[in-house]
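Worksheet: the structure to be examined is printed underneath.
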Amino acid sequence: MTTSLTPVLTLEELRDFMAEAFPQVNMAGQHYHIDAIGPGLATMRLESQEIHLRPGGTISGPAMFTLADYAAYAVILAHIGPVGLAVTTNLNINFLRKPEPGTLMCDGRILKLGKRLCVVDISIYKPGSDDVIAQATATYSIPPERG
């Protein structure tokens, strides 16, 4: 495992691994998409549908929480490789604005990547807008390498 902020997986390798290791995120259809990876960054998208809405017609907190957690997992795995047993140890999310139905974008940026823990900052926003809808910070535990 490397701790560089250079991705070790290609976008296609990451998508394939996530589909195999974490298929439940898209069991109701392909709504969560990994759009790009780069040094210390992953960009994702949620194409919200009726199942992602709460009463009142806005995108639900659980749908945005899933997007944030999935983005953290994606950016970490893109940088450490296919380590399926990396797990969330903490995720704190702040809902800042009402999210209208439609597409949500999400950027996950690695703040610190160590041997055992990784901290990621996540911003959720509408395409074409600078207004952050939700901001989250996630910490993941990285399992030790096995010899």
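The values are calculated or read from the model by the stated rules, or taken from the named source; none is laboratory data. Since this is a predicted model, take the numbers as computed values, not measurements. Because the Cβ atoms are built from the backbone with ideal geometry, glycine has one as well, and the counts that use them run over all protein chains shown. These accessible areas exclude ligands, DNA and RNA; they are computed on the full protein's heavy atoms, side chains included. Shrake-Rupley method; radii C 1.70, N 1.55, O 1.52, S 1.80 Å.
A few points about this structure:
- Calculated accessible area for the chain comes out at 50 Å² per residue, all protein chains present (probe 1.4 Å; ligands, DNA, RNA ignored).
- Helix 61-80 axis versus longest C-alpha principal axis of the chain: approximately 20°, rounded to the nearest ten.
- Each Cα pair of region 108-147 feeds into the Kirkwood radius, which the Stokes-Einstein equation turns, at 37 °C and 0.692 mPa s, into a diffusion coefficient of 280 µm²/s.
- R0 of 41 Å, Cβ-Cβ distance Asn90-Glu12: FRET efficiency to nearest 0.05: 0.85
- Inverting the pair-averaged 1/r between distinct Cα atoms of region 67-127 gives 12.6 Å as its Kirkwood hydrodynamic radius.
- Distance between the 7 Å Cα→Cβ label points at Phe22 and Ser141: 1.7 nm.
- Computed from the Kirkwood radius of its Cα pairs, the Stokes-Einstein diffusion coefficient for region 49-98 at 4 °C and 1.567 mPa s stands at 103 µm²/s.
- Charge tally in the Cβ shell below 14 Å around Glu47, where Lys, Arg are +1 and Asp, Glu are -1, Glu47 excluded: -1
- Of the solvent-accessible surface of region 93-147, computed with a 1.4 Å probe and all protein chains present, 50% belongs to carbon and sulfur.
- Scattering profile of the chain at q = 0.11, 0.15, 0.17 Å⁻¹ [log10 I(q)/I(0), Debye over alpha-carbon scatterers]: -0.38, -0.70, -0.89
- You can think of it this way: the chain between Ser129 and Leu117 has 1.2 nm of extra reach, that is 0.36 nm per residue less the Cα-Cα gap.
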